1. Of the residues in the stretch 189-203, how many are crowded, with 16+ Cβ neighbours inside 10 Å and assigned to a loop (DSSP other than H, G, I, E, B)?
2. For the list (1) loosely packed, with under 14 Cβ neighbours inside 10 Å; (2) at pLDDT 95 or above, I need the number of the one condition that V49 fails.
3. Does any residue of the stretch 6-28 turn out to be within 19 Å of E103 (Cα to Cα), in contact (Cβ under 8 Å) with a residue 12 or more places away in the chain, assigned by TED's automatic domain parsing to the domain that holds V106 and part of a strand (DSSP E or B)?
4. Can you tell me which condition R89 does not meet? The list is (1) surrounded by 14 or more Cβ atoms within 10 Å (Cβ to Cβ); (2) more than 17 Å from the chain's Cα centre (by Cα); (3) within 24 Å of L134 (Cβ to Cβ), and all the others hold.
5. Taking the options L100, L61, L71, L116, name whichever one is closer than 22 Å to A22 by Cβ and touching a Leu at 6+ places or on another chain (Cβ under 9 Å).
Amino acid sequence: MASGEVVDHRSFLGRLEPADRAFLLRLGHPKRFRQGARIIVQGDHSDTVFLTLSGLVKVTLDTPDGREIVLAVLGAGDLLGEFEVIEGRPQRSAGNVAVLPVECRVIPGDEFMASLETHPRMLLVMVRVIISRLRAADRRREASASMGVSRSLASFLVELVESYGASDGSVIDISIHLTQEELASLMSTSRDSAVRGLSTLRTKGLIATRRRQIVVTDLDGLRGYASAMATARDD
């Protein structure tokens, strides 16, 4: 593991049994990517799997009209590029960009597939991680529709804090380095709605924002606002 990095217990690596985790960390070779580097390019042909050990990665999809949609944010302990390897389809269906410097293990596809055969529990863990991500995405869409964008955004920020937040005394920094458009696509909403949601949370004193940075100033208040049953969609 990268020095000082804490792996989220909900990530693929964090869910593995110690023996399986140690085995996986011996596969492949280490590699680093600078912030902004493209780890995987959509449409490229490759059969490599990346196991992130530190940093943050955004999963992107280029649309036919030229837009880039952010599908997810992944961190230490997550896999990149495993779907195409398992499917035996070398063309990458999505891209991966380092939003913070990333350290990872680069694992050849045949080596990764062989590891799933000799350590079948890893495949079960992978399925559970995929199900968890799908459920989280469904919850965000449902929250946006039923509670309004600001409460849905508050819930998503709590999720990010628990996975990637860095505490500094009374505040928690979420340095995810996403644009407002990218944050909106993660929330399945428009940029204008995301901007209004951030403004609401700032006005309530729950967060502060800087360029591509969100600081949670009142985590308990943010949790309470996210979980409260609103009489209206947004206050």
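1. Count: 1.
2. Checking V49 against (1) loosely packed, with under 14 Cβ neighbours inside 10 Å; (2) at pLDDT 95 or above, the one that fails is (1).
3. Looking through the stretch 6-28, none of the residues is within 19 Å of E103 (Cα to Cα), in contact (Cβ under 8 Å) with a residue 12 or more places away in the chain, assigned by TED's automatic domain parsing to the domain that holds V106 and part of a strand (DSSP E or B).
4. (1)
5. One residue alone meets the criteria, L116.
So that you can scan it fast, the table gives a plain yes or no per residue for (1) of a type in the set (V, I, T); (2) touching a helix residue (DSSP H, G or I) at 6+ places or on another chain (Cβ under 9 Å); (3) surrounded by fewer than 13 Cβ atoms within 10 Å (Cβ to Cβ); (4) modelled with pLDDT under 80:
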position: D62; (1), (2), (3), (4): no, no, no, no
position: V73; (1), (2), (3), (4): yes, yes, no, no
position: L116; (1), (2), (3), (4): no, yes, no, no
position: R139; (1), (2), (3), (4): no, yes, no, yes
position: G148; (1), (2), (3), (4): no, yes, no, yes
position: D173; (1), (2), (3), (4): no, no, no, yes
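The values are calculated or read from the model by the stated rules, or taken from the named source; none is laboratory data. Being a predicted model, the structure only gives us computed values, none of them experimental. Glycine also receives a Cβ, built like all others from the backbone with ideal geometry; neighbour counts cover every protein chain displayed.
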